1. Please state the relative contact order of the chain as a whole percent: Cα pairs under 8 Å, 6+ residues apart?
2. If one computes the Cα centroid of the range 90-141 and of the range 258-281, what distance in Å separates the two points?
3. Provide the gained length on full extension for the span residue 30 to residue 10, in nm with one decimal, where the gain is 0.36 nm per separating residue minus the Cα-Cα distance.
4. Dividing the convex hull volume of the alpha carbon atoms of the range 27-73 by its residue count, what do you get in Å³ per residue?
5. Cα-based Rg (one decimal) and Dmax (whole number) for the range 7-120, in Å?
6. I want the antiparallel fraction of DSSP beta bridges within the chain, as a percent rounded to 5.
7. With N residues in the range 103-236, what two-decimal value do you get for its Cα radius of gyration over 2.2 N^0.38 Å?
8. For the chain, with a Gaussian network of springs between Cα atoms less than 10 Å apart, report the residue from 136, 194, 113 with the top mean-square fluctuation.
């Protein structure tokens with residue numbers, strides 16, 4: 001494995017870092033107050049034009065063909081500036097990769113250029129339901145054939161970017177008599193079809209600038225051409241794409257954790273107590289050293305998972321290891337950063353209380369930490385059980 005980024009990957013990383021510093025970071029506090037949506041969408045369009053909405057998509061369909069390692073490095077930098085933007089970029093890349101992986105040529109030629117160019121502000125991944133979270137096989141949404149069409153009924157919850165997505169990748173049961181997980185199909189659905197209702201955005205603890213909504217499908221008629229992949233084979237698509245999404249979430253968490261620690265580190269060099277800079281105190285130095293060491297370890301785990309995926313190797317367990325470690329250590333980093341700043345870290349004038357709220361969800365979405373540990377354990381035990 002090559003530990004150093006290539007020149008192309010470095011350019012993608014540095015461009016993302018510069019964009020995050022100049023465009024994303026100044027807007028992040030406003031998004032946290034439910035302000036700045038217009039500029040948020042402009043930033044998404046700009047990132048698409050820079051090639052960040054299809055980093056692992058073929059140039060034939062408007063993508064960057066930069067690969068998974070570049071995607072992880074770029075997402076980390078974007079998250080340092082704004083978690084709301086980073087999660088939108090991550091999910092949109094997931095949607096594009098699903099279409100590229102299992103879509104037919106018509107679907108690829110129709111939807112991928114719109115996602116990669118920013119014609120669609122985002123794509124949405126519609127899997128979770130009230131009865132199907134960590135266990136997506138228990139979904140209740142149904143798609144029933146009606147002539148040459150499908151009729152879609154049901155609801156999905158906690159859908160990122162639902163309000164401004166141009167298309168949805170939707171999972172639904174198409175064979176209710178099949179065993180759990182065996183009768184589920186995947187569909188590519190235009191967001192403006194009749195029969196789709198998007199509920200008001202959830203009021204969340206963090207990442208408040210990224211919309212999270214319930215989507216209700218009421219007798220939504222979709223053409224047979226909307227079927228993505230093979231009928232009744234959608235569950236395998238979901239499992240595969242969730243593994244890739246964990247690289248994105250881990251990278252996002254890493255970026256938030258790095259932003260928190262960098263801010264706290266600078267504060268240590270400015271704040272004085274007992275007649276000296278508090279950076280001189282060993283207790284704070286050790287806290288700083290531990291958190292940065294953990295974040296660097298998280299980065300290496302993410303690079304390993306990204307490298308495996310990029311080279312067509314089995315990466316599921318590696319992605320789970322990277323996701324659980326990066327997200328939990330990023331949470332630790334944010335809370336340590338607050339502790340290092342004392343009362344100032346708790347005040348909204350400083351970014352740390354927002355970063356701590358933004359990072360919290362990373363141990364939950366794209367599979368909780370507990371689910372990641374189940375996946376890792378099953379992989380470790382598969383040869384002896």
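We did not get these values from a lab; they are worked out from the coordinates using the rules stated. The structure presented is a predicted model; accordingly, all values stated were derived computationally and were not measured. For neighbour counting, all protein chains shown are included, and Cβ atoms are generated from backbone atoms with ideal geometry for every residue, glycine included.
1. Once divided by the residue count of the chain, the mean separation gives 16 percent.
2. Here the two parts' Cα centres lie 43 Å apart.
3. Contour length minus Cα-Cα distance gives 4.2 nm.
4. Spelled out: Cα convex hull of the range 27-73, divided by residues, is 79 Å³.
5. Here Rg and the maximum Cα pair distance are 13.7, 42 Å.
6. Bridges in the chain are about 85 percent antiparallel.
7. 1.02
8. Sorting by GNM fluctuation, first place goes to 194.
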